[in-house]
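*Asks:* Here it is, the structure in full.
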């Protein structure tokens, strides 16, 4: 936690504490609990008790028990306590020492990791004691971390861990050295306090000593909860100090017991953890004045942008681990992050912090020479370099960063291993493109900066954009981010995959190019992204140099695999890699080894986003580099890629329309980028068959995700390609495309494709294709009152065809359509519900898409004839769409429910559904549906918000003018007239009447004009009506928007 030291309404309590401690040395005592030892991974007495019982239980049960305390009571018929269990397990002090040392003393591995050693808080406490600010420590802990931290500072303290030690009542008066009171004992003592009963009272000698301390001294409470040490809590409440306050340090809200104690002692709560608090306190007092000669940290002259989470995470790792390797690809920002962590934490390492650049080293000797140089160690001809280093830093508390380790992995790993073994107080960070593979090494893999999507509006929230802006601004002071260039900046950051070096190189071009020019020239990014002024290191003067360096460290087979993997897009599975990139001389095990090597060298990013399956990805610039290296083999591997994903999609087609539709859609979602890449390659190679096969197999996914506009566009590109294709695939695709054509073009165009489909299906005797085609054609004929009988006859023919090649989904659709047409022709609603029941039998619990479609259409058709029954079917449909995530059908249900609640006089409920409908249609680019949704919303808002109603209405008219859609335009104008009348704007309504009565088109009849005339004419004097109507006849469409 960082503190604001400026004066506020009240002085920050830590500032107040620092001032009081400085002016009253020895006036405060420390009370510390297990929270102070937490970061050292030190167990509490309770932890040890439970582990000991677990060890005992293994002899009984052959495995640990879930609840050790309950198990012990059940077996031994008594409550366990720390001392009695130790007495039962050990008979001599030596046995006791050996048993407990494994809990409280670090092993060699734990020492390397920094576990069970004094924490940052312990070390800062030792500084306070060494300088006389604190003389008394009370601790509830059994461990010896306080004693160790004092020993490291050569402080000789008096330790009281038994009542006998507190015999002298004048201890405080004659205090000649620091006092540590271990009120619950030491882990090596035979008598310790751990259970609730043991902690409920103290020996009178301990109580008297505590009373003296609490009455005469201020108190700093850290890492103690107050919940279990009952006698200690009571002593604090009973013995208050009027001279000094109490400060309670805890990062969380205090419990009620702690609050009660604090209120009796005139206390303040400081929200922080022990490590941060003591470091801040010693800084404020002035105990961390640094010797600049011991700090070799490079000066950086550009701002460090973003990465706050990474700095925080690495700083936390620093205090829990002795060796941390920051890994990641070249240019990702490893060095800058390491320097930031070094700078932030230098106050915690009094003996020095060193940044050691190893980029020019190539062997063991050159590394040691570099360490000696940076640490200012005098070389001796008498002893080896490594011995000189040991003699210099063996007992020092240092933080060292070894930068650029990837080309010297083996020698630097050996040196670091030796340093950590012989210098117990040092901490080491490395920056490397691959791990050192030491057993106690902690890996922090640094990923790219976050970047905005192309539709993101607030792009300045993203680190990559902040970096681009800062570096561009430094080159061109007048540079700003605005509405016109923000989309190009977002695109640049995305194309460069958030790689900081690449973004800096792109930003440096702002002197000569505009942002949109930089974006367009990224097609040749390796030519664009270079700048010798940005970095003195040759490897980072261009993006190509950076990748060249890393690529050069790979073996031949790793390079070949990387090249082949460049044909992938987005993320991909191990199965895809093995099938597409496999060569005959490489078995599966070796393939996995090669992939692991690429991951360790930071060329490939491994992710597990989708469930437990590992997914892999290449950063975009590396992908383009590897694709360039693939050269003449590009077509071969793109062909393999296309064939693999065609087979993959054919496999998913079998389950996409079934109850497993969610699984299928999730699978497609994972590989959507690859499927689109395969589709693009099919188009480039004029492969109509595979292209249409992929598109058709995507139909349910696109419908569920709302990608029907892109589905339509993809069909449009492939449907008229001149190349061979399986006739059945062509029929299915023509039928599907025709359905989309009714949405995005018109019914006539749809019928043209359905006619082609029917002819082809008839020629090859593909009866299911014929049946579905006839089913679709019937919808066209049913639109007109005059051709409804034709529509029914077509459906009967469709049924005959369907019986020759049974398909449950096709038959269900046809049976339902026959009942729906009869109902729309005037027959009872029972005909519709009966048809629904018959159709559902074919698809129930098997094909949720069709089941939901039939229920939803039944609900829609019942809105007019049986409103209350309608809601039953719509609810069923909605339930299925939500269960199986059928988003397109869900929106259709919402639209019907909107109409239902309008009919029920519940506009608020209707608005809720219609707003969802509008948003969905906007996302899908369904222009006609957008317009009609806006018209519905305009009528819903008219009563309460005229401005919003007018806004929706004008937007609908504007869109219909822009898209040149005559029918929707006429309907919008008619609705607009109606709203103008309702809002008593009769003059503008009359002008629009004049305009629409003068239109010559098929979408407005003489009857429509007559109805409008009857509505408006009585509302104005005849001469005014004629005058305003005449004005309307001179309007053009865009002038309507000005009314």
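*Asks:* Restricting to the range 85-101, what's the tally of residues that are surrounded by 13 or more Cβ atoms within 10 Å (Cβ to Cβ), in a helix (DSSP H, G or I) and either at pLDDT 75 or above or in contact with a helix residue (DSSP H, G or I) (Cβ under 9 Å, 6 or more places away or on another chain) (or both)?
*Replies:* 7
*Asks:* Considering (1) surrounded by fewer than 23 Cβ atoms within 10 Å (Cβ to Cβ); (2) touching a residue at least 24 places away in the same chain (Cβ under 8 Å), say which one residue 512 fails and leave the rest.
*Replies:* For residue 512, the failing item is (2).
*Asks:* Condition first: out of contact with any strand residue (DSSP E or B) (no Cβ under 7 Å at 6 or more places or on another chain), surrounded by 15 or more Cβ atoms within 10 Å (Cβ to Cβ) and assigned to a loop (DSSP other than H, G, I, E, B). Can you find one or more residues in the range 650-657 that meet it?
*Replies:* Yes: one or more hits.
*Asks:* Tell me which helices (runs of 4 or more DSSP H) are completely within the range 862-969 and hold 2 or more residues being under 31 Å from the mean Cα position of the chain (by Cα) and at pLDDT 85 or above, or say none if there are none.
*Replies:* It comes to 867-883, 887-903, 907-924.
*Asks:* Could you tell me how many of the residues in the range 350-375 are surrounded by fewer than 19 Cβ atoms within 10 Å (Cβ to Cβ), under 19 Å from residue 427 (Cα atoms) and in contact (Cβ under 8 Å) with a residue 40 or more places away in the chain?
*Replies:* Number satisfying all stated conditions: 4.
*Asks:* State whether the residues of the range 282-292 include one that is farther than 23 Å from residue 354 by Cα and either without any contact (Cβ under 8 Å) to a residue 60 or more places away in the chain or surrounded by 14 or more Cβ atoms within 10 Å (Cβ to Cβ) (or both).
*Replies:* For the range 282-292, residues farther than 23 Å from residue 354 by Cα and either without any contact (Cβ under 8 Å) to a residue 60 or more places away in the chain or surrounded by 14 or more Cβ atoms within 10 Å (Cβ to Cβ) (or both): present.
*Asks:* For residue 216, are the conditions met, namely being over 30 Å from residue 88 (Cα atoms), out of contact with any helix residue (DSSP H, G or I) (no Cβ under 9 Å at 6 or more places or on another chain), at pLDDT below 90 and surrounded by fewer than 21 Cβ atoms within 10 Å (Cβ to Cβ)?
*Replies:* yes
*Asks:* Here are the criteria: (1) out of contact with any strand residue (DSSP E or B) (no Cβ under 8 Å at 6 or more places or on another chain); (2) at pLDDT 80 or above; (3) surrounded by fewer than 21 Cβ atoms within 10 Å (Cβ to Cβ); (4) within 24 Å of residue 99 (Cα to Cα). Tell me which single one residue 164 does not satisfy.
*Replies:* (4)
*Asks:* I'd like to know if the range 816-834 contains one or more residues that are closer than 18 Å to residue 735 by Cβ, in contact with a helix residue (DSSP H, G or I) (Cβ under 8 Å, 6 or more places away or on another chain) and surrounded by 22 or more Cβ atoms within 10 Å (Cβ to Cβ).
*Replies:* Yes, the range 816-834 contains at least one residue that is closer than 18 Å to residue 735 by Cβ, in contact with a helix residue (DSSP H, G or I) (Cβ under 8 Å, 6 or more places away or on another chain) and surrounded by 22 or more Cβ atoms within 10 Å (Cβ to Cβ).
*Asks:* In the range 454-463, what residues are surrounded by 11 or more Cβ atoms within 10 Å (Cβ to Cβ) and either in contact (Cβ under 8 Å) with a residue 40 or more places away in the chain or touching a strand residue (DSSP E or B) at 6+ places or on another chain (Cβ under 7 Å) (or both)?
*Replies:* 463
*Asks:* Do any helices (runs of 4 or more DSSP H) lying entirely in the range 177-288 carry at least 2 residues that are in contact with a strand residue (DSSP E or B) (Cβ under 9 Å, 6 or more places away or on another chain) and over 26 Å from residue 320 (Cα atoms), and which ones are they?
*Replies:* Output list reads 204-216, 230-238, 256-264.
*Asks:* Still on this structure: Which members of the range 56-83 meet the condition of being under 25 Å from residue 107 (Cα atoms) and either in contact (Cβ under 8 Å) with a residue 40 or more places away in the chain or surrounded by 13 or more Cβ atoms within 10 Å (Cβ to Cβ) (or both)?
*Replies:* Selection gives 56, 57, 64, 82, 83.
*Asks:* State which residue is modelled with the highest pLDDT when the search covers only the range 1004-1032 and only residues that are part of a loop (DSSP other than H, G, I, E, B) and exposed (fewer than 14 other Cβ atoms within 10 Å of the Cβ).
*Replies:* Within the range 1004-1032, the match that is modelled with the highest pLDDT is 1021.
*Asks:* Filter the helices (runs of 4 or more DSSP H) completely within the range 474-563 down to those with at least 1 residues that are at pLDDT 85 or above.
*Replies:* In the range 474-563, the matching helices (runs of 4 or more DSSP H) lie at 486-495, 500-507, 515-521, 543-552.
*Asks:* Another one. Applying the selection to the range 1016-1039, what residues are within 13 Å of residue 987 (Cα to Cα) and either touching a residue at least 24 places away in the same chain (Cβ under 8 Å) or touching a strand residue (DSSP E or B) at 6+ places or on another chain (Cβ under 9 Å) (or both)?
*Replies:* 1016, 1019, 1020, 1024, 1025, 1028, 1029, 1030, 1031, 1032
*Asks:* Here is a further query. For residue 607, only one of the following conditions fails: (1) under 27 Å from residue 495 (Cβ atoms); (2) buried (at least 16 other Cβ atoms within 10 Å of the Cβ). What is its number?
*Replies:* Exception for residue 607: condition (2).
*Asks:* Here's another thing I want to ask about it. Residues to consider are 856, 852; find the one that is under 20 Å from residue 822 (Cβ atoms) and surrounded by 24 or more Cβ atoms within 10 Å (Cβ to Cβ).
*Replies:* Answer to the check: 856.
*Asks:* Let me ask another. Kindly provide the set of residues from the range 316-337 that are in contact with a helix residue (DSSP H, G or I) (Cβ under 8 Å, 6 or more places away or on another chain), at pLDDT 85 or above and part of a helix (DSSP H, G or I), ordered by number.
*Replies:* Of everything in the range 316-337, those that are in contact with a helix residue (DSSP H, G or I) (Cβ under 8 Å, 6 or more places away or on another chain), at pLDDT 85 or above and part of a helix (DSSP H, G or I) turn out to be 318, 336, 337.
The values are calculated or read from the model by the stated rules, or taken from the named source; none is laboratory data. This is a predicted model, so every value here is computed, not measured. All Cβ positions, even for glycine, are placed from backbone atoms using ideal geometry, and neighbour counts span all protein chains on display.
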